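In what follows, a structure is listed as structure tokens, so that the remarks can point back to it.
The values are calculated or read from the model by the stated rules, or taken from the named source; none is laboratory data. Treat the numbers as computed from the prediction; the structure is a model and nothing was measured. In this analysis, Cβ positions are derived from the backbone assuming ideal geometry, glycine residues included, and neighbour counts consider all displayed protein chains.
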């Protein structure tokens with residue numbers, strides 16, 4: 001665009017906006033805002049955001065949650081060193097063996113598809129893709145024509 005035109009347009013818009021009068025808020029707006037602020041301040045401490053809790057309770061909650069997290073970390077570390085952990089891991093592995101088999105089947109099928117694509121060549125694959133795309137476009141066009149004919153006003 002022309003930079004001179006943009007400057008003129010900007011000045012014209014600025015001039016028009018400065019000529020507008022100030023808008024006044026509806027009379028009920030300030031009352032509703034003040035009511036919402038009062039209701040929010042009247043909430044009990046546990047219904048307010050964590051930042052608005054009393055300082056002592058925030059510190060206590062932080063200490064409690066930190067100790068729970070630390071205990072969970074230590075417990076999981078000790079559990080992994082337990083004697084029965086190997087049996088548990090074998091049980092979990094047995095539960096996921098079906099997923100492992102499915103993953104292996106998908107890998108074999110994808111490998112076969114890649115091998116077939118390499119064997120056929122890119123020219124044949126591009127030709128097939130074009131034929132499928134043209135067929136899709138043909139079906140879409142014929143479908144659109146049929147719908148327009150069906151709903152055409154007589």
Unique match (being surrounded by 10 or more Cβ atoms within 10 Å (Cβ to Cβ), at pLDDT 90 or above and in a helix (DSSP H, G or I)) among 129, 117: 129
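Out of the residues in the range 1-43 meeting the condition of being part of a loop (DSSP other than H, G, I, E, B) and under 30 Å from residue 54 (Cβ atoms), tell me which one is farthest from the chain's Cα centre (by Cα). Working first, answer last.
First, the residues of the range 1-43 that are part of a loop (DSSP other than H, G, I, E, B): 1-2, 20-26, 42-43.
Adding the requirement that they be under 30 Å from residue 54 (Cβ atoms) leaves 42-43.
Values: 42: 35, 43: 32 Å.
Per the criteria, the residue is 42.
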Looking only at the range 94-111, decide whether some residue is surrounded by fewer than 10 Cβ atoms within 10 Å (Cβ to Cβ) and assigned to a loop (DSSP other than H, G, I, E, B). no
Residue 151 fails exactly one of the following numbered conditions: (1) within 35 Å of the chain's Cα centre (by Cα); (2) modelled with pLDDT under 90. What is the number of that condition? (1)
Within the range 44-90, can you find the residues that are closer than 30 Å to residue 100 by Cβ, at pLDDT below 90 and part of a helix (DSSP H, G or I)? 75, 76, 77, 78, 79, 80, 85, 86, 87, 88, 89, 90
